[in-house]
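Asker: I'd like to ask some things about the structure below.
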Amino acid sequence: MLTRVFSAALQGVEATQVEVEVNTGTGNPVVIVVGLPDAAVRESKDRVTTAISNSGFRWPRERTTINLAPADIKKEGPSFDLPIAVGMVAAAERSELPRLARCFVVGELALTGEIRPVKGALPIAVEARAQGKKAVILPAANAPEAAIVEGIEVYGVRSLREAYEFLARKTDLVPVRADPAELLASAPGSDLDFSEVKGQHQVKRAIEVAVAGGHNLLLIGPPGSGKSMLAKRIPTIIPPMSLEEAIESTKIHSVCGLLGGGSAFVSTRPFRSPHHTISDIGLLGGSTNPTPGEVSIAHNGVLFLDELPEFKRSTLEVLRQPIEDGRVTISRAAGTMTFPAEFMLIAAMNPCPCGYFGDPQRECRCTPAQIERYRNRISGPLLDRIDIHVEAPAVAFKELSGTGHGEPSAAIRGRVEQARAVQKDRFAGSKKTAANARMSHSQIKKFCTLDAASTELLRHAMEDLHLSARAYDRILKVARTIADLAGSPSIESNHIGEAIQYRTLDRRLWV
């Protein structure tokens, strides 16, 4: 007897339909799995047969061939346990399952027959809808996540018996519902706020400019100056996520298995802070079957790299493509995958190995050679791709001991949202550009025109500081953002002057 069950395999952050064919016939009672399965899928026959027995069903006592089609796609993970088990029980019982043809079925089985959660429920539900299916049956823990997809019924099951009886129309289940807009509106607030930061007014201004235009930012200062404290509060002034952004981020987190703890929807901006010992694959993504790395998990949010020079140089260099293109392409033997990677890069570093170069209160113990080696860990091309560089000096005791509070995040976010609204109108006809930092060369020429005084000021800066052509574009983009914050339709010389100030650090410190 031949039974067909529809399931899905993950490829990057997308899912592809897989047809699980279970055929029983005469021969020795063995179970053979074909169709390019990995080790976890090949081992599923032992989990499945045990789970079937412990659920009170019979499994075929004859030769059973399980084919996962199409055969040219790698099948990974334990999510095929449930569809294989359903097919084997149907074959053993010689029964037809009326609801089977209209459903996708995914889930990992425990030996008891219970169903455990799997990765990628959201993209699997999207693929089920795209294939014209009416429902998806998956672990109960994954149901709220998949229910975000409109136009398809989502049924969460807790055991093999529950899934089989539903497919056989012996019982009915209530589909799980979720309203993405409601989940987005009820996003939890943050306990962090910029009002808790003492002093650092110049740094706060640079952060406001960076967030308003989606620019990358480098903080340079001694230990204890508040670089990490400032970085962790940046998500509190970024405008809330749109529904489309939230679904994109949720899809990535789903594939990476990061939606635990009762959270089935990414409703707040991601903030990722990997340790400096991270590998190239951990940061960019990869492995045999490419999966997203930290740059993609931070999509629509912030990627914070603390102690930037401590990262391996090769690891930092892989950031060039995602910073420029907003996506990362990984090629492996299993295929080529492209993952979204639209993030704000926030980096922090000390001015020297001991951290006190240029500090008026502490003496630097580093030799010139040590300082040069430390700074040269960051290449010029990578530094050019960071729009804003700002010094974060040590905070004076008077400011630390003061009872006053700084400007709250809500006030800063209000100005940022106004500037972002201007940019949204400016780039209304472009699907790829959402903020000034992503302007193309043609858009820079169109929206960043300068008067004579501004042109002359920029010319002197380029010649005196020996800035690159990429730095020239960055200055214009940052100046456009500063003008937007000021409510100015045109870029003026004071806007250019402030933008140049944010580029001088790369030459003063690195030459």
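The values are calculated or read from the model by the stated rules, or taken from the named source; none is laboratory data. Computed from a predicted structure; not experimentally measured. Cβ atoms come from the backbone with ideal geometry, glycine included; neighbour counts cover every protein chain shown. Accessible surface areas use protein heavy atoms only, side chains included; no ligands, DNA or RNA. Shrake-Rupley method; radii C 1.70, N 1.55, O 1.52, S 1.80 Å.
Asker: Out of the residues in the range 407-422 that are surrounded by 18 or more Cβ atoms within 10 Å (Cβ to Cβ) and in contact with a Lys or Arg (Cβ under 8 Å, 6 or more places away or on another chain), state the one that is modelled with the lowest pLDDT.
Answerer: Top of the filtered list is Ser409.
Asker: Which of the numbered conditions does Leu184 fail, given that it passes all the others? Conditions: (1) surrounded by 19 or more Cβ atoms within 10 Å (Cβ to Cβ); (2) modelled with pLDDT of 90 or more; (3) of a type outside the set (S, T, N, Q).
Answerer: (2)
Residue-by-condition table, conditions (1) under 14 Å from the mean Cα position of the chain (by Cα); (2) of a type in the set (Asp, Glu); (3) in a loop (DSSP other than H, G, I, E, B); (4) surrounded by 22 or more Cβ atoms within 10 Å (Cβ to Cβ):
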residue	(1), (2), (3), (4)
His276	no, no, yes, no
Asn289	no, no, yes, no
Leu303	yes, no, no, yes
Thr315	no, no, no, no
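Asker: If you go through the range 430-440 one residue at a time, do you hit one that is open to solvent by 50 Å² or more (accessible area, probe 1.4 Å) and in a helix (DSSP H, G or I)?
Answerer: Checked against the condition, which is being open to solvent by 50 Å² or more (accessible area, probe 1.4 Å) and in a helix (DSSP H, G or I), the range 430-440 yields at least one hit.
Asker: Using the structure shown, decide if Ser79 is of a type in the set (Ser, Thr, Tyr) and over 35 Å from the mean Cα position of the chain (by Cα). If you could, list the steps in order and put the result at the bottom.
Answerer: Working: of a type in the set (Ser, Thr, Tyr): yes; over 35 Å from the mean Cα position of the chain (by Cα): no.
So Ser79 does not fit the description; no.
Asker: Which residues, counting only those in the range 35-45, are open to solvent by 60 Å² or more (accessible area, probe 1.4 Å) and either within 22 Å of Trp59 (Cα to Cα) or in contact (Cβ under 8 Å) with a residue 60 or more places away in the chain (or both)?
Answerer: Arg42, Glu43, Lys45 - these are the residues of the range 35-45 that are open to solvent by 60 Å² or more (accessible area, probe 1.4 Å) and either within 22 Å of Trp59 (Cα to Cα) or in contact (Cβ under 8 Å) with a residue 60 or more places away in the chain (or both).
Asker: Okay, next question. For the range 11-31, what are the residues that are within 14 Å of Asp81 (Cα to Cα) and either more than 31 Å from the chain's Cα centre (by Cα) or buried (at least 18 other Cβ atoms within 10 Å of the Cβ) (or both)?
Answerer: Matches in the range 11-31: Val18, Val20, Glu21, Val22, Val31.
Asker: Being of a type in the set (Ser, Thr, Tyr) and under 28 Å from Thr24 (Cα atoms) is true for just one of Ser186, Ser159, Ser190. Which residue is that? Steps first, please.
Answerer: On the way: Ser186 fails: under 28 Å from Thr24 (Cα atoms); Ser190 fails: under 28 Å from Thr24 (Cα atoms).
Unique residue meeting the criteria: Ser159.
Asker: Going residue by residue through the range 66-73, is there one that turns out to be surrounded by 19 or more Cβ atoms within 10 Å (Cβ to Cβ), at pLDDT 90 or above, out of contact with any His (no Cβ under 8 Å at 6 or more places or on another chain) and more than 30 Å from Lys251 (Cβ to Cβ)?
Answerer: Checked the range 66-73: no residue is surrounded by 19 or more Cβ atoms within 10 Å (Cβ to Cβ), at pLDDT 90 or above, out of contact with any His (no Cβ under 8 Å at 6 or more places or on another chain) and more than 30 Å from Lys251 (Cβ to Cβ).
Asker: OK, next. I need a count of the residues in the range 425-473 that are more than 18 Å from Ser490 (Cα to Cα), of a type in the set (Val, Ile, Thr) and in contact with a Lys or Arg (Cβ under 8 Å, 6 or more places away or on another chain).
Answerer: Going through the range 425-473 one residue at a time, the tally reaches 0.
Asker: Got a sec? Which of Ser195, Ser267 is in a loop (DSSP other than H, G, I, E, B), open to solvent by 10 Å² or more (accessible area, probe 1.4 Å), in contact (Cβ under 8 Å) with a residue 12 or more places away in the chain and among the hydroxyl-bearing types (Ser, Thr, Tyr)?
Answerer: Among Ser195, Ser267, only Ser267 is in a loop (DSSP other than H, G, I, E, B), open to solvent by 10 Å² or more (accessible area, probe 1.4 Å), in contact (Cβ under 8 Å) with a residue 12 or more places away in the chain and among the hydroxyl-bearing types (Ser, Thr, Tyr).
Asker: Mind checking which residues of the range 231-247 are in contact (Cβ under 8 Å) with a residue 24 or more places away in the chain and either assigned to a helix (DSSP H, G or I) or basic (Lys, Arg) (or both)?
Answerer: Ala231, Lys232, Arg233, Ile234, Pro235, Thr236, Ile237, Leu243, Glu245, Ala246, Ile247 - these are the residues of the range 231-247 that are in contact (Cβ under 8 Å) with a residue 24 or more places away in the chain and either assigned to a helix (DSSP H, G or I) or basic (Lys, Arg) (or both).
Asker: Which of the residues that make up the range 471-494 are closer than 14 Å to Leu458 by Cβ, in a helix (DSSP H, G or I) and either open to solvent by 20 Å² or more (accessible area, probe 1.4 Å) or not small (Gly, Ala, Ser) (or both)?
Answerer: If the condition is that a residue be closer than 14 Å to Leu458 by Cβ, in a helix (DSSP H, G or I) and either open to solvent by 20 Å² or more (accessible area, probe 1.4 Å) or not small (Gly, Ala, Ser) (or both), then Tyr472, Asp473, Arg474, Ile475, Leu476, Lys477, Val478, Arg480, Ile482, Ser493, Asn494 are the ones that fit.
Asker: Would you confirm whether any residue within the range 167-177 is part of a helix (DSSP H, G or I) and either at pLDDT below 90 or open to solvent by less than 50 Å² (accessible area, probe 1.4 Å) (or both)?
Answerer: To start, the set of residues in the range 167-177 that are part of a helix (DSSP H, G or I) comprises 167.
From what is left, the residues that are either at pLDDT below 90 or open to solvent by less than 50 Å² (accessible area, probe 1.4 Å) (or both) are 167.
The answer is yes, given that some residue of the range 167-177 is part of a helix (DSSP H, G or I) and either at pLDDT below 90 or open to solvent by less than 50 Å² (accessible area, probe 1.4 Å) (or both).
Asker: Val149 fails exactly one of the following numbered conditions: (1) at pLDDT below 95; (2) open to solvent by 30 Å² or more (accessible area, probe 1.4 Å); (3) out of contact with any Ser or Thr (no Cβ under 8 Å at 6 or more places or on another chain). What is the number of that condition?
Answerer: (2)
Asker: Here is a further query. Please list, ordered by residue number, the strands (runs of 3 or more DSSP E) wholly in the range 330-393 having 3 or more residues that are of a type outside the set (S, T, N, Q) and over 26 Å from Ser468 (Cβ atoms). Explain how you work it out, then say what you get.
Answerer: On the way: elements: 335-340, 344-349, 388-391.
The strands (runs of 3 or more DSSP E) meeting that bar are 335-340.
Asker: Looking at the range 95-103, can you tell me whether even one residue there is modelled with pLDDT of 90 or more, in a strand (DSSP E or B) and farther than 26 Å from Arg158 by Cβ?
Answerer: Looking for residues that are modelled with pLDDT of 90 or more, in a strand (DSSP E or B) and farther than 26 Å from Arg158 by Cβ, one finds none in the range 95-103, hence no.
Residue-by-condition table, conditions (1) free of Cβ contacts under 8 Å to residues at least 12 places away in the same chain; (2) open to solvent by less than 10 Å² (accessible area, probe 1.4 Å); (3) among the β-branched types (Val, Ile, Thr):
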{"site": "Pro78", "(1), (2), (3)": "no, no, no"}
{"site": "Met88", "(1), (2), (3)": "no, yes, no"}
{"site": "Glu93", "(1), (2), (3)": "no, no, no"}
{"site": "Val105", "(1), (2), (3)": "no, yes, yes"}
{"site": "Gln131", "(1), (2), (3)": "no, no, no"}
{"site": "Ala140", "(1), (2), (3)": "no, no, no"}
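Asker: Just to check your reading of the model, which residue among Ile281, Ile252 is open to solvent by 30 Å² or more (accessible area, probe 1.4 Å), assigned to a helix (DSSP H, G or I) and either in contact with an Asp or Glu (Cβ under 9 Å, 6 or more places away or on another chain) or in contact (Cβ under 8 Å) with a residue 12 or more places away in the chain (or both)?
Answerer: Answer to the check: Ile281.
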